[in-house]
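K.L.:
Quick one: this structure, given as structure tokens, is what I'll be asking you about.
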Amino acid sequence: MTEPEQANHAHAFLLPDQLDALIERLREQGYRTVGPRVVDGAIVYRDVERADELPHGYIDTQDGGRYRLVRDEDAGAFDHVVGPDSLKRFVFPSCDTVLRADLQDGSWTMTPAGLPDEPVAVIGVRGCDLQALAVTDRVFLEGPYVDPLYEARRRNMFLVAVNCRRAAATCFCHSMNTGPAAGGGFDLALSELADGFVVESGSAAGDELIATAGWPAPDTARLEQARAQTAQLEAEMHARDGVVRDDGAMSRQRSLDTEGIHDLLLGRLSHARWEDIGDRCLACSNCTMVCPTCFCSSVEEVSDLAGEHVTRERSWASCFTAEHSYMNSGTVRKSIASRYRQWLTHKLASWHDQFGMSGCTGCGRCITWCPVGIDLTEEVAAIRD
């Protein structure tokens, strides 16, 4: 597991063709290496064994209900932003076996699921997703009950972050103070320059990898350039009110005013905007599936045909389904408007009461992957006004 950020960690500089050396070194240490790859028209996390499998020459254009990959010969290995995948599926899989029951000699034997022990190194993690991992750590590790499956997977992770040098129209990490630079919680962080990668360590494991690899330290000019490009992007995100899509249309850079947002949302539960959103929302649950911090789940028993072996399986669930609020008297949140209100007020308001932090990291996935383009930032602004 990544350690808390410490001062005076190591730095290195890699030439473009030395990314293979980084992947190879991680694999030599026993890690399964995972990184961004182009699959079925999207950039998602998949196993990576060579640097040429990374999405060199691709950028993504995103807007409400819209995601497209575009070829750009000037794009580097990490000039895309975020796709539908996040770190959530590596620490909290969409389906997980938590218990096994076997009928033997007329009696049942219960066996807890074995703890996962495969070390995984994830390459290409963004600042917003590092914060999302901090959020799920708070949920699964830092409360009164620790989830052993999550804990085992989290302990075996090595995180290679990337400092963003471009943003999609749906990104609002600058509003949530989670990006575009990786703020901490990583083992290594890469800043992609025209002639290579500045590597910054964020943990003892990262220090050790740099030391044993023998990579040279970056010169002062490259260090300053790496810091300046993310600082410039953040300034542009704060300043610009429109970005050009690949089809020539204009779309504003999203931002979210978080001032007093807790009391704002919980104090306006009868606002007319909730019904307006409910008329547009399909309750498809896409937003909760792609959200890197949503953690609702359901548990069911799955039996074999003979009824002698049963597994208890935990699967992702969503507060947008009617079944999620079902109690002995029936469904509590009967309307789509009430379900959207539950999701948004929990994510941005009552999450603070429950976990002492926001449940949103500004990644913008819920905007991009909503089929009808419902925009969280727009809805909050409407309720505020």
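K.L.:
Quick one: which of H324, H346, H262 is within 30 Å of A161 (Cα to Cα) and assigned to a helix (DSSP H, G or I)?
P.N.:
Values: H324 fails: within 30 Å of A161 (Cα to Cα); H262 fails: within 30 Å of A161 (Cα to Cα).
The unique qualifying residue is H346.
K.L.:
A further question on this structure: Which ones in region 356-385 are within 20 Å of the chain's Cα centre (by Cα) and surrounded by fewer than 17 Cβ atoms within 10 Å (Cβ to Cβ)? Can you show your working first?
P.N.:
Going residue by residue through region 356-385, those that are within 20 Å of the chain's Cα centre (by Cα) are 356-371, 373-377.
Result: G356, M357, P371, G373.
K.L.:
What are the residues in region 99-116 that are closer than 23 Å to R153 by Cα and without any contact (Cβ under 8 Å) to a residue 40 or more places away in the chain, if any?
P.N.:
M110, T111, P112, A113, G114, L115
K.L.:
A follow-up question, please. Output the number of the condition that E73 fails; it satisfies all remaining conditions of (1) assigned to a helix (DSSP H, G or I); (2) over 21 Å from R222 (Cα atoms).
P.N.:
Exception for E73: condition (1).
For (1) among the small types (G, A, S); (2) in contact with a Phe, Trp or Tyr (Cβ under 9 Å, 6 or more places away or on another chain); (3) within 30 Å of V139 (Cβ to Cβ), each residue gets a yes or a no:
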{"position": "D20", "(1), (2), (3)": "no, no, no"}
{"position": "E24", "(1), (2), (3)": "no, no, no"}
{"position": "R27", "(1), (2), (3)": "no, no, no"}
{"position": "V44", "(1), (2), (3)": "no, no, yes"}
{"position": "G57", "(1), (2), (3)": "yes, no, no"}
{"position": "L69", "(1), (2), (3)": "no, yes, no"}
{"position": "V98", "(1), (2), (3)": "no, no, yes"}
{"position": "D102", "(1), (2), (3)": "no, yes, no"}
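K.L.:
Just give me the residues in region 142-159 being surrounded by fewer than 22 Cβ atoms within 10 Å (Cβ to Cβ) and either out of contact with any helix residue (DSSP H, G or I) (no Cβ under 6 Å at 6 or more places or on another chain) or at pLDDT below 95 (or both), in sequence order.
P.N.:
E142, G143, P144, Y145, V146, P148, L149, E151, A152, R155, N156, M157, listed by residue number.
K.L.:
Anything in region 1-26 that is assigned to a loop (DSSP other than H, G, I, E, B) and either modelled with pLDDT of 75 or more or touching a Gly at 6+ places or on another chain (Cβ under 6 Å) (or both)? List them, or say none.
P.N.:
From region 1-26, those assigned to a loop (DSSP other than H, G, I, E, B) are 1-10, 15; that's our starting set.
Within region 1-26, T2, E5, H9, A10, L15 meet the criteria.
K.L.:
While we're looking at this one, here's another question. From (1) in contact with a Gly (Cβ under 8 Å, 6 or more places away or on another chain); (2) surrounded by 17 or more Cβ atoms within 10 Å (Cβ to Cβ), pick out the condition that doesn't hold for T61.
P.N.:
(1)
K.L.:
Still on this model: From D85, D129, D137, which residue is part of a helix (DSSP H, G or I) and buried (at least 20 other Cβ atoms within 10 Å of the Cβ)?
P.N.:
Details: D85 fails: part of a helix (DSSP H, G or I); D137 fails: buried (at least 20 other Cβ atoms within 10 Å of the Cβ).
That would be D129, the only listed residue that is part of a helix (DSSP H, G or I) and buried (at least 20 other Cβ atoms within 10 Å of the Cβ).
The values are calculated or read from the model by the stated rules, or taken from the named source; none is laboratory data. For clarity, every value in this text was computed on a predicted model and none was experimentally measured. As a convention, Cβ positions derive from the backbone with ideal geometry for all residues, glycine included, and neighbour counts pool all protein chains shown.
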